[in-house]
Amino acid sequence: MDYHDLLARAGEGSAHPGGFEATRRLLSRIRLPSGARVLEVGCGTGRSACHLARLGCDVTAVDRNPAMLEKAKRRALRTGSRVRFAFGDAASLPFPDGSFDLVFVESVSVFVEGDRAFREYNRVLRPNGRLLDRELAFVRRTKPAQCRDLAAFYGLRHLRTAREWEGLARRCRFRRIRVSLIRDGFAPAKDTDPAQEVDPLLYRDPAAIQMLYDNVRLLNKYRRRTASVLISAVK
């Protein structure tokens, strides 16, 4: 069991900096037009995807964890949200070029090696389509050896500052790039999820309990060294 399997068993719907409240605030500012074609990459248990659908968007959502996808589908059914779900990886999205108006990402790119995810986001966006990606960032440049325990536990592939995330987007041919640093980092989310579907055996599993403990320990250890960034860019 790795960190993502743990999230799937916990039914976590907003395991990203700022939690679901940050998602709700962001989407309320954007005011997406009704019918906008939105792809959520790494949808997890579908909380944000269902919210986007309720806002009137034409939503497709992908995830590479089958257990997450099953919970996302059940969430959509329970909440009456029209979302198309598909198995897919950020490094190789199963869609034609120019398919979407918006690619929406929350704490996914940090787990994908190199620039593969950003190149895929660019590919599936229509001309002038928009990327919105909220990711973990470091307050200052950090080497893997300086936080080996953090990178290993979460499976992180990027230890980037805000400026380094901006450079990655630029190399992948995005333009009108804005990277906003948000000092929430590893701060715990304060919202509750009424549709959360928790594995009833989770808290009887010693390995899962140890992972939950390690998660809290790492959150506390790195809270002051991390932040998050909101990457807004146009194809």
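Summary table
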| item | result |
| --- | --- |
| Lys/Arg +1, Asp/Glu -1 at C-beta; the chain dipole; positive extreme among Leu201, Gly98, Val112 | Gly98 |
| Proximal aspartates and glutamates to Lys221, defined as alpha-carbon separation beneath 19 angstrom and excluding residues fewer than eight positions away on the same chain | Glu135, Asp149, Asp184 |
| Global size of the range 1-122 as Cα Rg and Dmax, reported in angstrom | 13.4, 40 |
| Of Ser232, Gln210, Ala61, farthest towards positive along the dipole that unit charges on Lys, Arg, Asp, Glu beta carbons give the chain | Ser232 |
| Positive-end extreme of charge dipole, the range 3-234 - chosen from Tyr154, Val139, Ala86 (charges on Cβ) | Val139 |
| Cβ-defined net charge surrounding Cys147, 11 Å radius [Lys, Arg +1; Asp, Glu -1] | +3 |
| Total formal charge among the other residues, if their Cβ is under 14 angstrom from that of Glu164, Lys/Arg +1 and Asp/Glu -1 | +4 |
| Nearby aspartates and glutamates by direct alpha-carbon distance to Lys73 (threshold 13 angstrom, same-chain neighbours under 8 apart not counted) | Asp63, Glu197 |
| Estimated dipole of the chain in Debye, rounded to 20 [Cβ of Lys and Arg +1, of Asp and Glu -1, Cα centre] | 1020 debye |
| Debye equation applied to the C-alpha atoms of the range 44-109, log10 I(q)/I(0) at 0.18, 0.24, 0.26 Å⁻¹ | -0.63, -1.12, -1.28 |
| For the chain, radius of gyration divided by Kirkwood radius, i.e. Rg to Rh on alpha-carbons | 0.94 |
| Mean Cβ neighbour count within 10 Å, used as a protection proxy, ranking 26-32, 85-91, 45-51 highest first | 45-51, 85-91, 26-32 |
| Relative contact order for the chain, counting Cα pairs under 8 Å that sit 6 or more residues apart, in percent | 23 percent |
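Read-outs: derived from the displayed coordinates by stated rules, not from any lab. Nothing here was measured: the structure is a model prediction, and the numbers come from that model. Every residue, glycine among them, receives a Cβ derived from its backbone with ideal geometry; neighbour counts consider all protein chains shown.
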